[in-house]
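Participant: Below you will find the structure I want to go over with you.
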Amino acid sequence: MVDSPPSNPPKAGLPGDLAEATRDEAALTRFLRGLPGIDAVGLEQRAASLAGRAVKGDAKLRAIDTAIGMVDLTTLEGADNASKVRALAAKARRPDSRFPDVPRVAALCVYPDLVSDAVAALRGSGVGVASVATAFPSGRSTIRAKLAEVELAVESGADEVDMVIDRGAFLAGEYGRVFDEIEQVRAACAPAHLKVILETGELGGYDNVWRASWLALLAGADFIKTSTGKVSPAATLPVTHVLLRAVREWRDRTGQPRGVKPAGGIRTTKDAVRYLVAVLEVAGPEWLTPESFRFGASGLLNDLLMQRETQLDGHYSGPDQVAVDL
Amino acid sequence: MTEPKPRPLAYAPALESAALARLREHYRPFVDGEFTGGTGEPFSSVNPATAEPLAEVSGSDASDVDRAVSAAEEAFRQRWTPIGGTERAKYLFRIARLLQERARELAVLASLETGEPVRKTTEFDLPNAAAQFLHYAGWADKLDYAGFGPSPAPQGVVGQVLPSNLPLLLLAQRVAPALACGATVVVKPAERTPLTALVFGEICEQAGLPAGVVNVLPGGPGVGAKLLAHPGVRKAVFAGSTETGKRVRRDLAGRGKRLTSDLGGSGVNIVFADAAPEEAVRGVVEGAFFNQGRVRCAGSRLLVEESVAEEFVARLRARTESLRVGDPLDRNTDVGALGSAEVARLSELLERGVAEGATRWTSPAAPPHDGGFLPPTLLTDVQQSMSVARAEVFGPVLSVLTFRTPEEAVTKANNTPHGLAAGVWSEKGSRALWTARRLRTGVVWANAFHRFDPTAPFGGRGESGDGRVGGAAGLEAYLDV
């Protein structure tokens, strides 16, 4: 579709119109501004109506196990250290010692300087190690500092890197800058998977979330992620709908699978099931795997475990039956 | 062969218990505060999803009509108008609260007798029915300020003949303003859906409403005709199909009686190329398939701009396919039952459409059994001249037409004898307003469809009837103005 030679080499495997969008900043801006709109009222109605789907009995038990396997068990606090990471790693390997058939979680998500501790604690478990990077959570630093952080994480053995986009640049319309940053991180973090945090709570509306999703996908994100968890509102159902819609359309247009990770604010099993319903109905059944969908959460896991026990035993036990996250 | 892996997420049936509806074996007319009489033809109320009878109902006859009208006359003179608006408001509030208290029972009952999914009766019918009473309770002592002059007088006895879709909401939209105005009512619910109306009679009794203010006469079309023609009925209200509505108007002509009619429609959604695609798809799907398309304002026609038509119809199919057709009492059901008679009528309409050149596509969603169900159906390649584009569909069938310019869209949208509801989908405000001003319909929704509020008047133009429900406008039918 591109007649003149592009100034950037076109992205491998992208159809013409998407490759064209990555050629230079002007083309990218045209593409993002030309995307069809999102109507907030209709989107929120759809999210609310799908949230009413009933998942009961055996189906609920399966949904809980599916959700547990998608959890990125997360600790991102100033007080984090090696002992906290070891505690969470033990829980990530075996979330509930009373029930050995509980699936392990997908990954443990920590700050870059604790990646080596997490890797050591999780060796051989099959649980991935994810690291936030790029001046998380604000993203306010130089690209050099950001890349240095990414290198630290990857050299320490992180399987996945969760970067934040430069929201200031995005809101100023400097899409090219945001794009370049993601591409550079993408290059620096290989072979680790790249999750791009859009921080939707700071983007000021669904149209911008939609544009940011496409921008991140064009720049090579493996996952698009709603939030850092440090900004309110964090993940919401309608916002996650927008991200799911983006990865589905991306797959339809390119054939490439990409994932979605809502993070922050998902605390209960009921919430998690609603997100799974959204995954099924908005993206499709193929996305119902940890390779394509993750929950960024900490407290959620305990509620899932308690609800799982309730489904099996027929009664609710209490919060002290499962391990605290300390 | 290995055992198939269980699906990571599935919807198990989530059935509401039919026992919640507290069905009785037998129902009688509600006249003068009592459940008595019913010497007319008895009939069964039938569940459209299973074709099984729900209950026996004693039909009304001429003597029941006479008794109900004279009870309503007496109540009007002695027990309802004289007590004043403030007192009447208290009863309306009480009815609203009872509707809320018994919402679950009524939602299940409505689902059983209409085939509407229980989730919709719970989330739409019942809250909106209660909202009508709450809204008109507020008007009862403020009629002087409703814009009909000082101390507007009520109409007297009102006869109301109602259709079978959304029975409780349509009853509330008409009974609440009548009672607020000081009129008394005799209601003839549709033959298919008498039960919710009779339980409404029970709620009136529970609310301590004076005897005779509300009367409910179950029965067939003959009962409705007798009621509206009764000399004691000052005001006739007919809600139903355009065809029957015309006959009612002919029958009542020259009898010195006022008639308000709320008739059919062939609603339209106009989707411009710049519309937010996913939300427009949702609006069109809801518009066409809400309550199995059995609402008079259903958006049974889609006009989509030619440049995006192919992509839009593909999205429409995908979304329509995801609708779950099934047991109305399952909370995961999106599209419920119609009853075999309606399915037969619609199949005929579809056959005619295909014979005239339309292309039929029916969602592969499997209904639980044959008979009472029709999965949502799209007809593409429809032209303005075909019968499906002109008929009042009243079922889960959507005709897709295209347009090239805004003028063409408006001309095609208006080219129908009906004029009830339209939706305009565009991200450009000026275009939506330009279109809305030119549409000859009672209601235009912008980037939305089927949004209702008791404060907003709703009604049609042309062959969709002259009635208005909702807001101050909804009072007019019951005042002598």
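The values are calculated or read from the model by the stated rules, or taken from the named source; none is laboratory data. This is a predicted model, so every value here is computed, not measured. A quick note on method: Cβ atoms are made from the backbone with ideal geometry, for glycine too, and the neighbour counts reach across all protein chains shown. The area values use the complete protein model at the heavy-atom level, side chains included, leaving out ligands, DNA and RNA. Shrake-Rupley method; radii C 1.70, N 1.55, O 1.52, S 1.80 Å.
Participant: Name the single residue, out of those in the stretch A:77-93 being more than 14 Å from A:ASN302 (Cα to Cα) and surrounded by 19 or more Cβ atoms within 10 Å (Cβ to Cβ), that is nearest to the other protein chains (Cβ to nearest Cβ).
Facilitator: Here the answer is A:ALA89.
Residues checked against (1) open to solvent by 80 Å² or more (accessible area, probe 1.4 Å); (2) closer than 13 Å to B:LEU198 by Cα:
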position	(1), (2)
B:ALA10	no, no
B:LEU15	yes, no
B:LEU23	no, yes
B:ARG28	yes, yes
B:GLY38	no, yes
B:GLU52	yes, no
B:ALA55	no, yes
B:ALA68	no, no
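So that you can scan it fast, the table gives a plain yes or no per residue for (1) within 14 Å of chain B (Cβ to nearest Cβ); (2) within 19 Å of the chain's Cα centre (by Cα); (3) open to solvent by 30 Å² or more (accessible area, probe 1.4 Å):
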site	(1), (2), (3)
A:GLU286	yes, yes, yes
A:GLU291	yes, yes, yes
A:ARG294	yes, yes, no
A:GLY299	no, yes, yes
A:ARG308	no, no, no
A:ASP313	no, no, yes
A:SER317	no, no, yes
A:ASP320	no, no, yes
A:LEU326	no, no, yes
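Participant: Please state which of the following conditions A:SER97 fails to meet, knowing it meets all the rest: (1) open to solvent by 20 Å² or more (accessible area, probe 1.4 Å); (2) polar (S, T, N, Q); (3) over 20 Å from A:GLY299 (Cβ atoms).
Facilitator: Of everything listed in (1) open to solvent by 20 Å² or more (accessible area, probe 1.4 Å); (2) polar (S, T, N, Q); (3) over 20 Å from A:GLY299 (Cβ atoms), A:SER97 misses just condition (3).
Participant: Ok, one more. Return the residues of the stretch B:284-308 that are assigned to a helix (DSSP H, G or I) and hydrophobic (A, V, I, L, M, F, W, C); say none if nothing qualifies. Full working, then the answer.
Facilitator: Residues of the stretch B:284-308 that are assigned to a helix (DSSP H, G or I), as a first pass: B:284-293, B:306-308.
Correct list: B:VAL284, B:VAL285, B:ALA288, B:PHE289, B:PHE290, B:VAL308.
Participant: I would also like to ask the following. If the Cβ limit is 7 Å and pairs must be 6+ apart or interchain, which residue in the stretch B:4-31 that is at the interface with chain A (Cβ under 7 Å from one of its Cβ atoms) and within 30 Å of B:PHE43 (Cβ to Cβ) pairs with which residue that is open to solvent by 60 Å² or more (accessible area, probe 1.4 Å) and assigned to a helix (DSSP H, G or I)?
Facilitator: Filtered contacts from the stretch B:4-31: no entries.
Participant: Also, I was wondering about something else. Between residues in the stretch A:54-69 that are more than 7 Å from chain B (Cβ to nearest Cβ) and residues that are open to solvent by 40 Å² or more (accessible area, probe 1.4 Å) and among the hydroxyl-bearing types (Ser, Thr, Tyr), which pairs lie under 8 Å by C-beta distance while being six or more apart or on different chains?
Facilitator: Between residues of the stretch A:54-69 that are more than 7 Å from chain B (Cβ to nearest Cβ) and residues that are open to solvent by 40 Å² or more (accessible area, probe 1.4 Å) and among the hydroxyl-bearing types (Ser, Thr, Tyr), there is no close pair.
Participant: So, one more: If I ask for residues that are touching a helix residue (DSSP H, G or I) at 6+ places or on another chain (Cβ under 7 Å) and not acidic (Asp, Glu), which ones from the stretch A:64-90 would you list? Walk me through how you get there before you give the answer.
Facilitator: Initial filter on the stretch A:64-90 (touching a helix residue (DSSP H, G or I) at 6+ places or on another chain (Cβ under 7 Å)): A:64, A:66-68, A:71, A:73, A:75, A:80, A:82, A:85-86, A:89.
Once the filter is applied, which keeps residues that are touching a helix residue (DSSP H, G or I) at 6+ places or on another chain (Cβ under 7 Å) and not acidic (Asp, Glu), the stretch A:64-90 yields A:ILE64, A:THR66, A:ALA67, A:ILE68, A:VAL71, A:LEU73, A:THR75, A:ALA82, A:VAL85, A:ARG86, A:ALA89.
Participant: So if I check each of B:PHE312, B:PHE290, which one is touching a His at 6+ places or on another chain (Cβ under 8 Å) and within 14 Å of chain A (Cβ to nearest Cβ)? Can you show your working first?
Facilitator: On the way: B:PHE312 fails: touching a His at 6+ places or on another chain (Cβ under 8 Å).
The unique qualifying residue is B:PHE290.
Participant: Given the residues A:ALA272, A:ALA263, which is the only one that is aliphatic (A, V, I, L, M), touching a Gly at 6+ places or on another chain (Cβ under 6 Å) and either open to solvent by 30 Å² or more (accessible area, probe 1.4 Å) or farther than 15 Å from B:ALA318 by Cα (or both)? First the steps, then the outcome.
Facilitator: Values: A:ALA272 fails: touching a Gly at 6+ places or on another chain (Cβ under 6 Å).
Going through A:ALA272, A:ALA263 in turn, the sole match is A:ALA263.
Participant: Pairs, please: C-beta under 6 Å, at least 6 apart or cross-chain, first residue in the same structural domain as A:THR226 (by TED's automatic domain parsing) and in the stretch A:149-174, second aromatic (Phe, Trp, Tyr) and open to solvent by 10 Å² or more (accessible area, probe 1.4 Å)?
Facilitator: A:VAL164/A:PHE136
Participant: What are the pairs, 6+ residues apart or on separate chains, where a residue within the stretch B:315-338 that is away from chain A (no Cβ under 11 Å) and assigned to a loop (DSSP other than H, G, I, E, B) has its Cβ under 6 Å from a residue that is modelled with pLDDT under 95 and surrounded by fewer than 20 Cβ atoms within 10 Å (Cβ to Cβ)?
Facilitator: Close Cβ pairs (under 6 Å, with a partner that is modelled with pLDDT under 95 and surrounded by fewer than 20 Cβ atoms within 10 Å (Cβ to Cβ)) amount to B:GLY326/B:PRO368; B:ASP327/B:PRO368; B:LEU329/B:LEU15.
Participant: Need the failing condition index for B:VAL108 against (1) under 17 Å from B:ALA197 (Cα atoms); (2) more than 19 Å from the chain's Cα centre (by Cα); (3) not basic (Lys, Arg), just the number.
Facilitator: (2)
Participant: Within the stretch B:254-291, how many residues are at pLDDT below 95, open to solvent by 20 Å² or more (accessible area, probe 1.4 Å) and small (Gly, Ala, Ser)?
Facilitator: Selection size over the stretch B:254-291: 2.
Participant: Read through the list (1) closer than 18 Å to A:GLU77 by Cα; (2) open to solvent by 20 Å² or more (accessible area, probe 1.4 Å), then give the number of the only condition that A:ALA145 fails.
Facilitator: Against the list (1) closer than 18 Å to A:GLU77 by Cα; (2) open to solvent by 20 Å² or more (accessible area, probe 1.4 Å), A:ALA145 comes up short only on (1).
Participant: Give the residues of the stretch B:295-322 that are in contact with a helix residue (DSSP H, G or I) (Cβ under 8 Å, 6 or more places away or on another chain) and open to solvent by less than 30 Å² (accessible area, probe 1.4 Å), sorted by residue number. It would help to see each step written out before you state the result.
Facilitator: Just the residues of the stretch B:295-322 that are in contact with a helix residue (DSSP H, G or I) (Cβ under 8 Å, 6 or more places away or on another chain), to begin with: B:298-305, B:308, B:311-312, B:315-316, B:319-320, B:322.
Within the stretch B:295-322, B:ALA298, B:GLY299, B:SER300, B:ARG301, B:LEU302, B:LEU303, B:VAL304, B:PHE312, B:LEU316, B:ARG319, B:THR320 qualify.
Participant: Please count how many residues of the stretch B:339-348 are surrounded by 16 or more Cβ atoms within 10 Å (Cβ to Cβ) and either among the β-branched types (Val, Ile, Thr) or free of Cβ contacts under 8 Å to residues at least 24 places away in the same chain (or both).
Facilitator: 1
Participant: Pick from the stretch A:148-161 the residues that are touching a helix residue (DSSP H, G or I) at 6+ places or on another chain (Cβ under 6 Å) and closer than 15 Å to A:LYS195 by Cβ: which of them is most open to solvent (accessible area, probe 1.4 Å)?
Facilitator: A:GLU149
Participant: Here's another thing I want to ask about it. How about the stretch B:402-430: which of its residues are open to solvent by 20 Å² or more (accessible area, probe 1.4 Å) and within 13 Å of chain A (Cβ to nearest Cβ)?
Facilitator: Result: B:GLU427, B:LYS428, B:GLY429.
Participant: Of all residues in the stretch A:284-320, count the ones that are part of a helix (DSSP H, G or I) and among the basic types (Lys, Arg). Write out each step before concluding.
Facilitator: Of all residues in the stretch A:284-320, those part of a helix (DSSP H, G or I) come to A:285-287, A:299-313, A:319-320.
Now narrow it down to the ones that are among the basic types (Lys, Arg): A:308.
Matching residues across the stretch A:284-320 total 1.
Participant: Then there's this: For the stretch A:256-284, which positions are away from chain B (no Cβ under 14 Å), in contact (Cβ under 8 Å) with a residue 40 or more places away in the chain and over 16 Å from the mean Cα position of the chain (by Cα)?
Facilitator: Matches in the stretch A:256-284: A:GLN256 only.
Participant: I would also like to ask the following. Just give me the residues in the stretch A:25-49 being within 11 Å of chain B (Cβ to nearest Cβ) and either surrounded by fewer than 18 Cβ atoms within 10 Å (Cβ to Cβ) or not in a helix (DSSP H, G or I) (or both), in sequence order.
Facilitator: The first filter runs over the stretch A:25-49 and keeps only residues within 11 Å of chain B (Cβ to nearest Cβ), leaving A:34-49.
A:GLY34, A:LEU35, A:PRO36, A:GLY37, A:ILE38, A:ASP39, A:ALA40, A:VAL41, A:GLU44, A:ALA48, A:SER49 - these are the residues of the stretch A:25-49 that are within 11 Å of chain B (Cβ to nearest Cβ) and either surrounded by fewer than 18 Cβ atoms within 10 Å (Cβ to Cβ) or not in a helix (DSSP H, G or I) (or both).
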